[in-house]
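J.: Submitted below is the structure of interest, expressed as structure tokens.
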Amino acid sequence: MKKILLTGGMGYIGSHVCIELIKKGYEVVIVDNLCNSSISVLEGIKKITGLKPVFYENDIRDKAALLKIFNTHSISSVIHFAGLKSLKESVDEPINYYDNNLIATINLLQVMKQINCKSIVFSSSATVYGKTEHVPISENAPLSASNPYGQSKLLIERLLQDLYISDNKWNIAILRYFNPAGAHGSGLIGESPNGIPNNLFPYISKVANGKLSKLIIFGNDYDTHDGTGIRDYIHVVDLAKGHLKALEVMHSYSKVLLVNLGTGQGYSVLDVVKGFEKASSKKIPYEFASRREGDVAKCYADPSLSFKLLNWRAESTLDQMCRDAWNWENTYLN
């Protein structure tokens, strides 16, 4: 039975990937410093799967701790989620972001090389495309990140490409996420950010639940069907399944596997508001504010390469994402 190490595996996406791995018969080891996640996630995973993964509360910048984990377990592959992810915070704290994202990844790769574990799936982001006006966005679109978070992802992608050039015995997959949303259908795990959420779905969830007074929508004069920005929202369980496909395929792929994970379908902010109102049977109060610098009218994926190479496509609808996000908010977080 293959044993997979999830760095940052207690987080939103990592925990959902953990569930899918266990369902497929993999053994899972998680290392997470819990800076933006909770130990309670382990109980949620156990209730859903019947198994509790091995967990280490460590920071992957601690090389000695990481070496001990690798020496204790026969890790066959790493799925690397660990890192900070707030665009705004990255602008305010760039040193912290490069340390947590880039330096930590270098540390992880050094340990993997030392142990001779040369298989990694990297959690990247559509932010590496920067401010693009051309949709749908394919993998060969120009790369340009406008904030330290995006730059850290782009630098790690380049590092992994260079690593493969230096040693093609590495198996590497780079997955560029668009906008993860929703929660596990059980309502037992989901997105639970610390403080005021940066992402639309958890923010609307808290407005629907009365924890926040209203939604602020930045811009209502874009060239879209209702004037609000359009994004590619993908159900987190669909996203998780994409990781398993990449894990299976990359070992037989002759170069770095690099694909978008998105739906190819764009939804506006007001589309999401209507979906939440339907799911929660509650009115979502909102007001418009001026556009934020750097925002674009439309951003959604061309997912055709992921279907071709991974035989994977997103299946869940916006209604399903809204229902699952509301179920998580209204049952577990309430």
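J.: For SER38, all conditions in the list (1) at negative phi; (2) modelled with pLDDT of 95 or more hold save one; what is the number of the exception?
T.: Exception for SER38: condition (2).
J.: Can you find, within segment 56-84, the residue that is surrounded by the fewest Cβ atoms within 10 Å (Cβ to Cβ) among those that are over 20 Å from the mean Cα position of the chain (by Cα) and aromatic (Phe, Trp, Tyr)?
T.: Across segment 56-84, the extreme among qualifying residues is TYR56.
J.: So which residues in segment 155-177 are β-branched (Val, Ile, Thr) and more than 20 Å from ASN100 (Cβ to Cβ), if there are any at all?
T.: ILE165, ILE172
J.: Checking the condition within 30 Å of LEU160 (Cα to Cα), of a type in the set (Lys, Arg) and not in a loop (DSSP other than H, G, I, E, B), which residue from LYS278, LYS206, LYS241, LYS255 passes?
T.: Checking each option against the conditions leaves just LYS241.
J.: Run THR127 past the list (1) over 16 Å from the mean Cα position of the chain (by Cα); (2) part of a helix (DSSP H, G or I) and report the number of the one that doesn't hold.
T.: Result: THR127 passes all but (1).
J.: Oh, and also: Quick one: count up the residues across segment 6-35 that are of a type in the set (Lys, Arg) and either on the phi > 0 side of the Ramachandran plot or within 19 Å of the chain's Cα centre (by Cα) (or both).
T.: Qualifying residue count, segment 6-35: 0.
J.: Now for a separate question. Going through segment 29-53 one residue at a time, which ones are more than 19 Å from GLY83 (Cβ to Cβ), aliphatic (A, V, I, L, M) and surrounded by 15 or more Cβ atoms within 10 Å (Cβ to Cβ)?
T.: Residues satisfying the conditions are LEU42, ILE45, ILE48.
J.: List every residue pair whose Cβ atoms lie under 9 Å apart, where the two residues are 6 or more positions apart in sequence or sit on different chains, the first residue falls within segment 300-319 and is surrounded by fewer than 21 Cβ atoms within 10 Å (Cβ to Cβ), and the second residue, located anywhere, is of a type in the set (D, E, K, R) and assigned to a loop (DSSP other than H, G, I, E, B).
T.: Pairs that qualify, where the first residue is surrounded by fewer than 21 Cβ atoms within 10 Å (Cβ to Cβ) and the partner is of a type in the set (D, E, K, R) and assigned to a loop (DSSP other than H, G, I, E, B), are ASP302/GLU139; LEU305/GLU139; PHE307/ARG313.
J.: Residues in segment 243-264 that are at negative phi and crowded, with 17+ Cβ neighbours inside 10 Å: how many?
T.: Summing the residues that are at negative phi and crowded, with 17+ Cβ neighbours inside 10 Å in segment 243-264 gives 15.
The values are calculated or read from the model by the stated rules, or taken from the named source; none is laboratory data. Computed from a predicted structure; not experimentally measured. Don't worry about glycine lacking a Cβ; one is built from the backbone with ideal geometry, like all the others, and counts go over all protein chains shown.
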